[in-house]
Structures are given as C-alpha cells and as structure tokens.
1. So what is the relative contact order of the chain, in percent, for Cα pairs below 8 Å that sit 6 or more residues apart?
2. Using the heavy atoms of the protein chains and a 1.4 angstrom probe, tell me the accessible area per residue for the stretch 388-451 in square angstrom.
3. Please list the equivalent ellipsoid semi-axes of the stretch 409-492, computed as the square roots of five times the alpha-carbon gyration tensor eigenvalues, in descending order and whole angstrom.
4. Below 8 Å, C-alpha to C-alpha, sequence gap of six or more: please give me the relative contact order for the stretch 174-244 in percent.
5. Using a probe radius of 1.4 Å on heavy atoms only, what accessible surface per residue do you get for the stretch 171-279? Whole Å² is fine.
6. Given 0.36 nm per residue, what is the gain on full extension from ASP359 to ALA333 after removing their alpha carbon distance, in nm?
7. Could you please state, rounded to a whole Å, how far the C-alpha centre of the stretch 429-496 is from the C-alpha centre of the stretch 504-529?
8. Using DSSP to define loop residues, name the GluC sites (Glu not before Pro) in the stretch 346-433 whose beta-carbon has at most 16 other beta-carbon atoms within 10 Å.
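The values are calculated or read from the model by the stated rules, or taken from the named source; none is laboratory data. Every value quoted in this text rests on a predicted model; they were computed, and no experiment measured them. Because the Cβ atoms are built from the backbone with ideal geometry, glycine has one as well, and the counts that use them run over all protein chains shown. Accessible surface areas use protein heavy atoms only, side chains included; no ligands, DNA or RNA. Shrake-Rupley method; radii C 1.70, N 1.55, O 1.52, S 1.80 Å.
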Amino acid sequence: MAEFDALQFRKRGIMGMMDIPVDDIDKPIIGVCNTFTEMVPGHSHLRRVADNVKRGVDRAGGVPREFGTIALCDGVAQGHEGNYYVLPSRDAIADSVEIVMRAHKLDGIVLIGSCDKIVPGLLMAAARVNIPAIFVPGGPMLSGPPFAKKAKADGTATTEALGMYQAGKISLDDVLNVQATCSPTCGSCAFYGTANTMSCTMEALGMTLPHAGAIPAVYNERYHCAMRTGEKIVELVEKNICARDILTFGAFQNAIRFLMASGGSTNAVLHLCAAAYELGIDTDLIMKEFDKQSDLIPHIAAMNPSSYQYDMEDFYKAGGVQKVFKQIEDKLALSVMTANAKTLGENLTEYTSPYPPNDDMIRTVDNPHSTLGGLAIMRGNLAPDTGVAKPAAIAEEVRQFTGEAICFDSEEECTQALQDLKVKAGHVVVIRYEGPKGGPGMREMYAPMKLLYGQGLATTTALITDGRFSGTNNGCFVGHISPEAAVGGPLALIKDGDKITVDVIKKDLHLHISDEEMAKRKAEWKPRHKELTGYLKRYTAMALSADKGGVLDIDHVNKD
C-alpha cells in the first residue's frame with residue numbers, strides 16, 4: 001500500500017474541492033497576498049496587479065491562491081483619531097499574513113502592497129515564516145501640475161496651500177484648484193515619502209525583482225513586472241530560496257546605504273528595526289549601522305521633498321534603486337542573494353535602462369547633493385535612546401538651529417496653535433505624548449509641518465517630537481525621540497521658553513538646562529493615562545519604543 005501524509009493528503013483534497021484540477025493538486029501552492037482596497041489610492045489598482053501575478057505563477061507551473069488583508073492610508077487617517085491606528089495596523093497585517101502562511105502551509109508567497117505601514121507589515125510576516133517570498137509594489141502615482149515652488153504638485157500640496165491661505169498668500173479658489181489637480185492617478189504618493197521609500201527599500205533588500213521598487217502605478221511595466229514575479233516565485237520554491245536567505249544583515253546594510261544615498265523617509269529606520277526584530281537581529285545593531293553609514297554615504301539621489309524638481313516617475317526613469325546601487329557599488333555587499341535567484345553583484349553587472357540618464361537627479365559620490373547622509377541618528381540629553389532626522393530634506397541654513405521651546409501635548413494642540421498663528425520664527429515646536437505608547441500608535445506629524453511650510457516658517461523654526469513624520473516633510477525636524485514622553489523621557493520635561501539646539505550636522509539634540517534641573521523636573525513629572533479599549537489597549541501595553549521599531553513584545557509586558 002502506498003505511503004501518504006494523511007494531513008497533507010486531506011489539505012490537497014480540500015484544495016481540489018475548489019477550481020483546481022486534480023492534475024494540479026501536487027504543484028506548488030503559491031499564496032498571493034493582495035492588500036487591495038477601494039479606500040486607499042495606493043491600493044485601488046491592485047486587483048489587476050494580482051491578476052498578473054497569478055498569470056505568471058500559472059505560466060511557471062504553480063497554483064496561485066489569492067487572499068487579502070487590511071490596508072490603511074496615512075493621508076486619509078491624518079489629523080484625527082484614525083491616525084492612532086496606522087502604525088499599529090502594521091503589526092496586525094504581519095499577524096494576519098503569518099496566520100494564513102502557517103495555517104495553510106503555503107509553498108511560497110507573493111506579497112502585494114504599496115503604502116506606508118502595509119509594506120513593512122508584509123516584510124515582517126515574510127521574516128517570521130521564512131518560506132520563498134517576493135514583494136510586488138503597486139507603484140507611485142503621477143504628479144499634478146506645478147504649484148508654488150514645486151515643479152510637480154503632489155497630494156501634500158493641499159495642506160501647504162491651506163497654510164498659504166491662512167497666511168493670506170493665496171485665495172480659497174487657489175486652494176480648491178490644487179486639491180482638484182494634485183493627485184491625478186492611482187498609486188502611492190508621487191513623492192519620496194514612506195510608501196515609496198519602503199517599496200524601494202524592499203528592492204534594496206533584495207525582496208523584489210530589479211527595478212520593481214519605483215515603476216509608476218499606471219505604467220504597463222508595472223503589470224509586466226507582476227507577471228515576471230509570479231514566474232520567479234515558482235523558481236524560488238523549486239530552488240528552496242527562502243526569505244531569510246535574502247534578509248541577511250548584509251542585505252540590511254545595503255538597504256541602509258541606499259537610504260543614505262537617496263534620502264529616504266525617517267520611518268524607514270523604524271520599519272527596518274521592526275523587521276530586524278522579527279529576524280532576531282539586535283535593533284541596536286541596526287541603529288548603529290544607520291549612524292555609521294550616515295558618515296560614509298553622501299546624499300546622491302534627490303527627489304521631492306529633497307528636490308522639488310523631480311518626483312518618483314523621474315527617479316524610475318533615471319534608473320531607480322539599481323542606478324543608485326551602481327553609483328555606490330564599491331561600498332555594497334555584492335554577494336547577497338536577491339529575489340530573482342541571483343546575487344546583487346550579478347544583477348548590477350546586468351544593469352541596463354531604456355531611458356536616458358539623469359546625472360543631476362542621481363549623481364556620483366564625487367558630486368553629491370550633500371556630503372551628509374540622507375538620514376541622521378540624533379542623540380543628546382533630549383534623545384538618550386536616539387531620535388531620527390532627515391538632513392536630505394533640511395535646508396542648509398537650519399541644519400544647526402537654536403530657538404525657544406513652545407510645547408504642545410498633542411498634535412491637535414499644535415495644529416490649533418498654528419491655525420491661530422501663535423507659532424513664530426525662532427520657535428522650537430515640541431509635540432509630545434505622541435510616541436508608540438503615548439499617542440498611542442506614534443502618530444504622524446504631517447499637518448503641523450505642512451502648515452509651518454505654508455506659513456513661511458519652514459526655515460525659521462524647528463519641530464521635535466516622539467511621533468513620526470511623513471516622508472514628504474521638510475524644514476528642521478527630529479522625530480522618533482526615545483524614550484518617549486509617555487514613559488517620562490526628557491521630552492516630557494521641556495518647558496515653554498527653554499532653549500533647545502537641533503544640530504543635524506553633529507547629530508546632537510540638546511536642552512539647555514543643567515543636569516540638576518533636569519533631575520528636579522523628572523522627580524516632579526507625573527504620567528498621563530488615556531482610557532483605551534480594543535486593539536489600541538493591547539497595542540499600548542505591548543509596544544516597545546521607536547528605537548526598537550515600535551514592535552509588540554509580550555515578554556516586555558510580562559517583565560512589567
């Protein structure tokens with residue numbers, strides 16, 4: 001009598017109860033995780049992307065099985081309580097995808113997503129389960145017409161226009177016109193914010209096919225890439241190349257080098273720490289690597305918000321991630337494996353582009369946009385466990401800024417003060433109690449930064465917070481400050497009028513009071529408690545600080 005694995009036999013039998021022919025039941029079963037939703041522009045077109053992935057899987061001899069998970073949009077959630085849920089949704093996505101991957105014992109998986117917390121959530125799930133896995137980004141949208149200093153407008157121009165209207169610089173009709181034209185297509189935001197940073201970072205890690213990270217959503221090449229990815233995942237299954245074969249420390253080093261060279265979103269620090277946590281890599285090593293590479297890799301690729309002349313479509317045409325890698329090739333770990341079953345070195349040897357080069361947008365290391373790395377890990381008596389700044393989006397005249405604190409205990413308080421025109425040149429705006437525990441959920445301080453820009457204060461003020469920033473922000477800013485105010489971090493001890501220095505060149509964030517005064521204020525500080533229910537209550541109980549990736553850690557709860 002033939003030998004059978006009874007459970008696997010039953011699983012295949014159940015699969016055969018659907019539309020899978022009997023002859024196909026023993027082929028590789030490939031999960032296609034589609035984060036499609038009609039509520040998010042970056043994901044509204046993913047049905048077609050998934051269809052092309054499935055065509056590729058079928059062409060290569062696999063059996064594609066599609067499933068979905070949630071997808072939130074920072075832009076929709078910003079400015080109200082919905083923003084509490086955006087970062088926590090990352091971990092819910094990772095959990096849901098892990099559950100399907102493990103429970104259904106998939107042979108391989110293609111992960112499809114576009115936006116800020118969705119991409120790292122998918123990455124975290126792949127790191128946990130460690131089966132053959134490839135990521136397919138949905139791609140950026142195209143830009144709108146010129147607006148103010150921007151050669152190409154983007155979705156954030158609406159808030160900038162509102163700030164200009166509040167300052168009496170433009171009319172209400174101007175604001176409404178910007179709103180109507182700034183986001184003309186589907187796709188993730190047209191600028192190099194967190195969504196596109198993370199999609200490009202997945203390519204830099206080796207988790208996509210070459211060039212996949214920046215293909216615009218409406219280009220036919222986006223769908224060709226999806227089909228090729230479906231074919232490639234079957235090859236990875238056959239060769240048993242799993243996620244952790246790609247997600248090595250060398251791959252993380254390459255991704256960090258890319259982020260320095262391209263001026264990626266500060267949120268990439270948070271998300272790479274979270275992915276490292278899932279792999280058992282000490283997050284302190286990741287933070288040290290960011291700090292180290294910021295001194296070694298100059299900023300050579302500039303697009304909005306580092307340059308208002310170029311957007312993500314321009315970046316793709318200029319060669320994207322692979323072109324940036326070519327410019328810093330001698331600094332990379334070239335032997336790392338990638339999702340097309342070749343090493344990074346092999347991929348770069350085969351690099352070609354059908355578009356003419358843009359030597360102004362993507363420069364050489366000898367002719368950088370800035371000698372400072374695109375990101376900076378900040379320290380000092382206000383950030384004992386680090387903060388994160390983005391020199392690539394900070395004008396030279398405010399990379400060293402000293403001013404007087406004006407403090408707000410929530411994003412809403414700050415936004416109201418800006419609407420009332422209470423923030424003045426010379427202020428260091430402090431927004432606190434917005435970290436992973438305090439927010440809860442480490443909300444994004446997009447609106448205050450955009451209002452400062454619109455009111456003409458971007459180069460005469462600074463903003464520091466234990467919250468996050470949109471990758472589109474510019475001005476002088478430091479986020480992710482750890483420890484956060486909610487656990488008694490130094491941010492909670494600042495008083496209005498205190499002198500603060502933000503120095504992104506020396507990577508120092510300093511409150512000008514004595515150690516004795518700091519200790520006195522600490523002794524007088526009292527924690528704040530928010531009444532929470534449901535998922536946010538669980539998240540707050542388990543969330544680690546920003547420098548640990550803001551991940552959920554049950555051991556942390558048990559220790560407390």
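1. Averaging sequence separation for qualifying contacts and normalising by length gives 14 percent for the chain.
2. Dividing the accessible area of the stretch 388-451 by its residue count gives 30 Å².
3. For the stretch 409-492, the ellipsoid semi-axes come out as 20, 12, 11 Å.
4. 21
5. Per-residue accessible area for the stretch 171-279 comes out at 26 Å².
6. Here the segment from ASP359 to ALA333 would lengthen by 6.9 nm.
7. Cα centres, the stretch 429-496 to the stretch 504-529: 16 Å.
8. Passing sites in the stretch 346-433 are GLU350.
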